[in-house]
Structure formats: C-alpha cells, structure tokens
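Input: a single structure, listed below in structure tokens.
The values are calculated or read from the model by the stated rules, or taken from the named source; none is laboratory data. Computed from a predicted structure; not experimentally measured. Here Cβ is always computed from backbone atoms with ideal geometry, including for glycine, and neighbour counts include all displayed protein chains.
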Amino acid sequence: MKIITCEQVSNGHPDKICDQIADAIVTDCLSHDKDSRVAIECLFKNRCLVIAGELTSTHEPDYKALVRQVFDRINNGGAENSDAGLDYKLDITADDLDITILVDHQSSDIALGVNTGGAGDQGMMFGYATNETPELLPITFVLATRFLELLKAYPCRMLKADAKAQVSYDYDSGKITTFLCSVQHTPDVEVKDFRPIIEKLMVRTATAYGLNTDFEKLINPTG
C-alpha cells in the first residue's frame, strides 16, 4: 500500500494565526511600497505574541492594528451564520495579547545579493499540479481543506475556531483509509455530543469527491 497523509489546520489554530499575521504584514507593506523586502516570523503561545524578522520598506506597518484585524476576522468568520447559532470564536481577542515586536532592517550585506531580480531573501520553493482533483492539488490536501471549510460553516455552538484535520489516502486502492479531526469545544460537552456532526461532515467531504465513506473516523482521539 502507498498511503499518504496530509494535515490541514483551521484559521483559528495557533500555527495558522501566525501565518495570517505574517501574511497581513507582507500584504500591508506591498500595498504601500511594491519594493518592500519583508521576512517576518510570528510565535504565538498562550497570550504572548512575538513578531520578529527583517523589513526594508518605505512603509512602517502598524503591527498591533494588523494583529487586531486578523483576530477580528477570525472571530467574525462565522458571522453569516450567527442566526443559526454558530459560535466560531477564539478564546482570546487581540486586546488580551502581550505583543513583542523584534523587527530590524534587512542586512545590507544580504541586500547586495538579492535586491536585483530577486525575492528579497534566500529561498528555494517548488510545487506541481496534479490531475488527482479538479483543483489540480493532491487529494489528501483538498479533502482536509474542504472538510475544515465545512466545519467552519456548520452552525454549532459546541465547536470553537481551533481545529485540524488529517486525511490518509491509499493510492493503490484509491480509497481513504483514515479521516481525523481534532477540534476545540466548549467545556460543557463531551466528544460523543458532537461526534455525529463531525462524522457527517467527513462523509460529505468524501462523497463530494466520489470517494469511499467506510474509512476509520477519528474525532479528538485523545479524548
């Protein structure tokens, strides 16, 4: 068997929150100065957020305002379904954060080598298109991503914004072997209370791509 597993996280997951903040800073700088050189990383733990890296731009971003925009967007992500009882929220807001900003200008030595015809820093990236899905992306990635989109849109006050999905797919048989979801929830419920919802969304995701639904279903497997 050739089994490949892909994990995807929701926009309320700490890893993805960091990605969104860094993306917001890059976007803000490029919208004001198309020649901006931005190398930003974020670290988020409990109520502490560290923004660190190098920035060379004619624009000086308002880091705290951008963080607030990201948190507001996540916390309002289910606003269109509020009448149905959706409670897609983080446990904290931007006002609760202790934000440390450690950003300097890019080294002039580095700039000498990358300012002309480069992306502004060293890096190597690759990617490819595949005919596994209409999206031209690997099936495991598409399934995990689509599931989280359905989860975010589902009206359920038990479930919170922090979630992840893992999909394992056997390329030899063309079947999903395991579908996992771990999701934050309110403290007054147990896994058994929302398991049917998660399983239904897993099946809906697989069915949309014409795949099997007899896979192993893992929901908050650590309890």
**Message:** What's the number of the only condition in (1) assigned to a helix (DSSP H, G or I); (2) among the hydrophobic types (A, V, I, L, M, F, W, C); (3) touching a residue at least 40 places away in the same chain (Cβ under 8 Å); (4) under 13 Å from residue 97 (Cα atoms) that residue 65 fails to meet?
**Reply:** (3)
**Request:** May I ask you to say which residue of 114, 103, 67, 142 is more than 22 Å from the chain's Cα centre (by Cα), modelled with pLDDT of 90 or more and surrounded by 15 or more Cβ atoms within 10 Å (Cβ to Cβ)?
**Result:** 103
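Conditions tested, residue by residue: (1) of a type in the set (Val, Ile, Thr); (2) buried (at least 18 other Cβ atoms within 10 Å of the Cβ).
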| position | (1), (2) |
| --- | --- |
| 130 | yes, no |
| 175 | no, no |
| 181 | no, yes |
| 198 | yes, yes |
| 210 | no, no |
| 216 | no, no |
| 221 | no, no |
**Request:** Return a yes/no flag: does segment 159-170 have any residue that is more than 17 Å from residue 203 (Cβ to Cβ), of a type in the set (S, T, N, Q) and modelled with pLDDT of 95 or more.
**Result:** no
